[in-house]
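Quick notes on the structure that follows.
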Amino acid sequence: MPINNISGCIGCGTCVSTCPTDVIRLNKDGKAEIKYPEDCQICHLCRMYCPTDAITITPEKTIPVIVSWG
Amino acid sequence: MAKNISRREFIATAGATAGFAALASMGLYSGWGSNDSDTNSDQLDSKELNCDVLVIGSGMAGLFAAVKAHDAGAKTIMVSKGRLGSSGQTPFAKGIFEFGAQKSNVTLDEFVKQVSESALGTNNPIYTRQMAEHSKARVGELREWGFFDSPLYNKSFNRPIKDRNIPVVERVTITHLIKENGKIAGAAGFSIDAKKIYFFNAKSVILCTGAGGFKPNGFPINDLTHDGTIMAYDIGAKVTGKEWNDGHPGRSINPAACYDGWGDMFEQKPNTTSVSIRHDLGVDMNYMAYQQGNPIKMGHPGEMNNVTLEGGPKRPVLQGSGMESEKRPGGKRPPKGKGAPPGMGGTPVGGSSAGMAIHKSEGLVPINDRCESNIPGLYAAGDALGSYMAGAIYTQIGSSLAGSAVQGGVAGEAAATYASGVKQLELSVDKKKELKDKIFAPLSRDAGYSPAWVTQTLQGIMIPNFVLYIKKANLMQAALAYIEELRDHHMPLLRASDLHELRLAHETANMIVSAEMKLKASLMRTESRCSHYRLDYPETDNDNWQAWINIYKGKDGSMKFEKQAFDSVRRS
């Protein structure tokens, strides 16, 4: 899971607009939820911009990763 | 010249590529399926906005394009797929070149000459000089706005934008540029949040849409899918630089975790860089991995395994840089630096930035030094402009960010001047209907291919080292046949169940066209130079290839190619 937990969200929506790949949305209660985790590019911008340090990110991708060599 | 092969022949010769494609198809996503759309496109409203200058993109180039167009008297709007200061590569760029800020014995003339030497002639010295000349002024403005005071750029970017009351429309994906009577007339796209189609009537448009990649696993460029380039190509703009490659590696452990790979770099405040010309991050490591396999131990660029290896990309003579004439990977190395730079420690894997060319070497072809394209009123700046400011290899450290700031400013002023002399064109009802149908087509299909599955298949075809980096005709022909299949039979049938997936569908289509451009341009360039390496044409061919490759859409809709001699861009 890349972005894998949001705890302590105040519903400001900053993470939603900050995410370059549109992974996060506000749910019906006005709180941030991880809607499209497979598109997370693990750039941490949402976490860095979050005013309440509510977001936890781990380094694993949810889908198989294709590289050139390795 | 490489022999053309039939589809049947290539299947026989390209088992490895087919293997990757098959691997992709076994991934998480399903391919063809019914479309459980939660959005009825017939019920979506539209919104229309008018301006003199429309800036598309909100990174460093977009910031200066909007500010300078406004200051030159143009009614300006900025529109972004993301958010001001946190889109594209800008949020992750931490060094900006400032020429002349520190005491240096390098004159402007010498600087341009040294960049040209390192770039083996591939740079456009007009844009190299412009970047250096204007860098100090742009850095000064950034300092005033508080850019150097925080690792996050939204606040400092907002300062000049809010001071000027420039409207910023965020989270709107522009999918089409509009041309009327041979001139640019605006752009159209859709908002993910407002669930609306947006029409912008604009006298002039500046593309600040950045570079592009194939949503690679290792670089934070998954929002950069060549959108600007392909939209412009579709209305007749010339595009260049598709054969070059950015050779950044990633880490073998969790390669997609770019933040972790780059250490705490993303948390750092930005700083300035001074003159330091190199010849870095081409495909040297890809060549070593191809010839001897991984693991390669990484250190500073140029420091690799302590082995002697024949062949590979040549490096130029650089006076005073410690680089050697005719140097090849595994030869004598430059002096040791301060250890591995961010993202380059430990055991590497390749293709961290797959699909992306060298900064400023890929994008719209400029017809002058004012960032103007061949379509009247259409400009581009930063990585969306194929200015060849740095050449087809990384030369001056920090010049990527400086070049985006400088070109944004130049394009902003030029577009404002252009807009002051033309009339606004209104979009006809028929044109709006046509655009709406095109934009929402993936939403309207009852069934289709998942954009994520098609993207993953494209990655499997394009990203392998032996296709994208260590090039040879037969494998590029093989990959091209796959890409043409995606273009002809998958691109027209992409589905989207919601507006998030609609964005992915348009991004996927853009990446397919770009993949075709990359393969065809790489096949055409029958030599090796800078970040383009052909195993079957390993030498630099100065008799035939002191030229850039331009790509444009022919009257019959097919992709056309032409050579343009180095250093042939005229001043305005």
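Brief remarks follow.
- Listed by position, the helices (runs of 4 or more DSSP H) contained in segment B:448-503 that have at least 3 residues being within 14 Å of chain A (Cβ to nearest Cβ) and crowded, with 24+ Cβ neighbours inside 10 Å are B:451-462.
- Unmet criterion (only one of (1) farther than 21 Å from B:Ala496 by Cα; (2) more than 14 Å from chain A (Cβ to nearest Cβ)) for B:Pro255: (2)
- Within this structure, B:Arg525 fails the test of being in the same structural domain as B:Val454 (by TED's automatic domain parsing), over 22 Å from B:Glu362 (Cβ atoms), modelled with pLDDT of 95 or more and of a type outside the set (Ser, Thr, Tyr).
- Pick from segment B:504-514, criterion away from chain A (no Cβ under 14 Å) and of a type outside the set (S, T, N, Q), ranking: surrounded by the most Cβ atoms within 10 Å (Cβ to Cβ): B:Ile512
- Scanning segment B:382-432 for residues that are under 16 Å from B:Pro125 (Cα atoms) and in contact with a Leu (Cβ under 8 Å, 6 or more places away or on another chain) returns B:Leu385, B:Gly386, B:Gly391, B:Ala392, B:Ile393, B:Tyr394, B:Gln407.
- Only listed residue being assigned by TED's automatic domain parsing to the domain that holds B:Ser150, more than 17 Å from B:Ala380 (Cβ to Cβ) and of a type outside the set (Phe, Trp, Tyr), chosen from B:Lys68, B:Lys113, B:Lys81: B:Lys113
- For segment B:415-432, the count of residues that are free of Cβ contacts under 8 Å to residues at least 60 places away in the same chain and in contact with a helix residue (DSSP H, G or I) (Cβ under 8 Å, 6 or more places away or on another chain) is zero.
- Only one of the numbered conditions (1) more than 27 Å from A:Cys43 (Cβ to Cβ); (2) crowded, with 20+ Cβ neighbours inside 10 Å is not met by B:Ser274, and that is (2).
- Residue that is surrounded by the most Cβ atoms within 10 Å (Cβ to Cβ) [pool: residues in segment A:40-70 that are more than 7 Å from chain B (Cβ to nearest Cβ) and not in a loop (DSSP other than H, G, I, E, B)]: A:Cys46
- Checking A:Leu26 against (1) closer than 26 Å to B:Lys269 by Cβ; (2) at the interface with chain B (Cβ under 10 Å from one of its Cβ atoms); (3) among the hydrophobic types (A, V, I, L, M, F, W, C), the condition it does not meet: (1)
- Odd one out for A:Glu33 among (1) more than 10 Å from every other protein chain (Cβ to nearest Cβ); (2) buried (at least 19 other Cβ atoms within 10 Å of the Cβ); (3) of a type outside the set (Gly, Ala, Ser): (2)
The values are calculated or read from the model by the stated rules, or taken from the named source; none is laboratory data. Bear in mind that the values here come from a model prediction, so they are computed numbers and not experimental data. Cβ sites come from the backbone with ideal geometry, for glycine too, and all protein chains shown count toward neighbours.
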